[in-house]
1. Could you check the stretch 1-28 and list, in sequence order, the residues that are under 13 Å from S50 (Cα atoms) and among the acidic types (D, E)?
2. Just for the stretch 64-77: of the residues that are open to solvent by 70 Å² or more (accessible area, probe 1.4 Å) and not in a helix (DSSP H, G or I), which one is modelled with the lowest pLDDT?
Amino acid sequence: MKPAIHPDYRQVVFHDLGADHYFVIGSTIRTDRTVDYQGQVYPYVTLDISSHSHPFYTGKQKEFAKEGSAARFKQRFGRFFDQSKDKS
């Protein structure tokens, strides 16, 4: 490997602001901020969303009708297109 071309890999504290959750992982991200976490000083990065607050991972995502869009359309507007009505 060439010397002095690779970024520093170190432990970094990421803070998910949506869930107020902290986690430490190895990263090469650059930051000037630091935080004292569990008795040790780490570089500090804030996140708006992570797996602790994202609806896909938390299971709190909006559920869609299981029948599909055509069934929902027919349920909402089917009375306007009903063929069984007597038109005489």
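The values are calculated or read from the model by the stated rules, or taken from the named source; none is laboratory data. Just so you know, these numbers come straight off a predicted model, no measurement behind them. In case anyone asks, the SASA skips ligands and DNA or RNA and just uses the protein heavy atoms, side chains included. Shrake-Rupley method; radii C 1.70, N 1.55, O 1.52, S 1.80 Å.
1. Correct list: D16, D20.
2. Per the stated criteria, the residue is F64.
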